[in-house]
1. Sort 189-202, 98-111 for me by packing, meaning the mean count of neighbouring Cβ atoms within 10 Å per residue, highest on top.
2. Rounded to the nearest 500 deg cm²/dmol, what is the calculated helix-only ellipticity per residue at 222 nm for the chain, with -39500 (n - 2.57) per DSSP H run of length n ≥ 4?
3. Report Rg(Cα)/(2.2 N^0.38 Å) for the stretch 413-453, keeping two decimals.
4. Do me a favour and compute the ellipsoid semi-axes for the stretch 9-104 from its Cα gyration tensor, root of five times each eigenvalue, largest one first, whole Å.
5. Any chance you could list the semi-axes, whole Å, largest first, of the equivalent ellipsoid that the Cα gyration tensor gives for the stretch 280-430, using √(5λ)?
6. Can you give the direction-averaged projected area of the convex hull of the alpha-carbon atoms in the stretch 32-191, in nm²?
7. Taking only the alpha carbons of the chain, what extent do you get along each of the three principal axes, in Å, biggest first?
8. Given Cα pairs under 8 Å that are at least 6 residues apart, what percent is the relative contact order of the chain?
Ligand code: ADP
């Protein structure tokens with residue numbers, strides 16, 4: 001594999017201005033072939049502590065940097081990322097298993113955050129209050145929160161980092177990144193480009209190693225003022241519980257359980273498009289993936305036929321083969337979990353219309369699958385599916401659809417396919433989700449304040465809101 005010889009394929013951590021090895025290593029697998037593609041250090045905790053100390057020094061300098069300087073770094077970082085798009089896309093596919101077409105899309109998506117935050121860096125949010133009887137001057141400032149940390153997942157190994165790191169840099173904060181142990185190489189390549197783009201010394205560092213131990217060091221550090229996490233609700237709750245001692249600010253982008261409501265008057269071609277894009281993007285391994293498709297009973301039969309017709313030909317296979325629409329799942333545990341969810345659903349009364357099987361001897365491939373007669377009592381409807389499995393529900397009226405859709409502990413993304421403007425607005429207003437898309441599933445770009453409610457977490461990434469996650473309000477009044 002040529003990409004492994006690239007200057008961007010780095011098997012090290014980056015701590016205190018150096019690319020470092022560890023006494024122990026973590027093997028990283030290509031999920032499509034089950035071959036080891038490389039190793040990264042499994043750092044000992046003294047290295048993580050060293051990273052925090054280096055970040056302290058860096059933070060003192062970085063806080064003095066001008067908006068213009070930070071904007072320039074982000075712009076340059078964006079330029080380099082776009083320039084090396086193909087190489088980075090190959091690293092993503094190699095370690096994550098997604099189709100190369102989607103990996104290229106992720107590079108654009110990830111780079112978009114750097115560009116967005118280069119513009120956001122230039123904005124001054126400070127303001128002045130009118131003088132009053134007590135004070136002649138009263139100012140409100142937004143100051144960098146300080147050293148931050150990012151703990152990131154494997155499903156979008158590049159974009160989930162730029163949306164955090166871009167905001168941190170724009171705000172004037174240093175960041176220590178702990179990427180997923182399954183996908184560290186995209187992150188390390190990204191850092192290399194950041195250094196080439198002029199990131200000052202130790203403004204960004206990357207630590208690889210045992211998640212729990214690194215998490216403990218980050219959580220217990222008073223110097224780290226904020227952790228931005230994207231991952232499971234279970235770990236998100238753990239971070240909430242364990243950040244109380246150091247009273248750390250958190251932003252948490254956790255799981256989702258997105259409904260797609262298809263009303264009686266829906267345009268069926270739009271519905272199919274929404275299903276294909278909304279469900280199968282990233283092989284279903286996305287927290288905004290359509291998890292439950294709720295269809296009006298009067299169009300259910302016709303739409304189901306169309307769904308089956310469209311999903312049957314979808315090809316899964318090695319992500320490097322441009323013909324494959326879907327890649328591999330991330331690992332063996334993910335494949336087993338998905339297969340169990342489907343088996344349990346079928347035992348509980350769901351009807352298997354397409355798929356329902358693992359594919360090939362090697363790799364973690366699962367066939368695109370459609371399950372009918374699903375209801376909210378089934379485990380598959382209560383959890384994030386995180387795979388290419390579509391579940392079909394039926395409803396008789398809008399109130400019932402809204403009730404089924406909201407009957408989940410999650411509240412990230414929801415989708416509506418409906419031609420009637422009043423109905424779609426009514427549904428959108430009553431859905432308890434942070435993001436609702438009508439007749440469209442592509443929505444996630446840097447301008448959007450991405451985030452959820454309920455067990456999907458709190459805080460927003462991107463949009464006008466994103467930078468405030470890294471700023472603190474400071475009020476200064478003068479007599
Ligand atoms: P998933 O199940 O999708 O892998 P996780 O929430 O387990 O999601 O992982 C998301 C990120 O959280 C990864 O970088 C992972 O290494 C990290 N992580 C897992 N467990 C912990 C923990 N106890 N403390 C801190 N980070 C953790």
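No lab work stands behind these numbers, since they all come straight from the coordinates. What you see is a predicted model; the values in this text were computed from it and never measured. Backbone-built Cβ (ideal geometry, glycine too); neighbour counts: all protein chains shown.
1. Details: 189-202: 20.2, 98-111: 22.0.
Result, highest mean Cβ count within 10 Å first: 98-111, 189-202.
2. Details: 14 runs with 181 residues, N = 479.
The per-residue figure over the chain is -12000 deg cm²/dmol.
3. Numbers: Rg = 10.5 Å, N = 41, 2.2 N^0.38 = 9.0 Å.
Ratio of Rg to 2.2 N^0.38 Å for the stretch 413-453: 1.16.
4. Details: eigenvalues 167, 109, 13 Å².
Equivalent-ellipsoid dimensions as semi-axes: 29, 23, 8 Å.
5. Numbers: eigenvalues 149, 53, 47 Å².
Ellipsoid half-lengths, sorted descending, are 27, 16, 15 Å.
6. Details: hull surface 46.3 nm².
In nm², the orientation-averaged hull projection of the stretch 32-191 is 11.6.
7. Here the Cα extents, ordered largest to smallest, are 70, 63, 40 Å.
8. On the way: 1095 pairs, mean separation 88.2, N = 479.
Relative contact order here is 18 percent.
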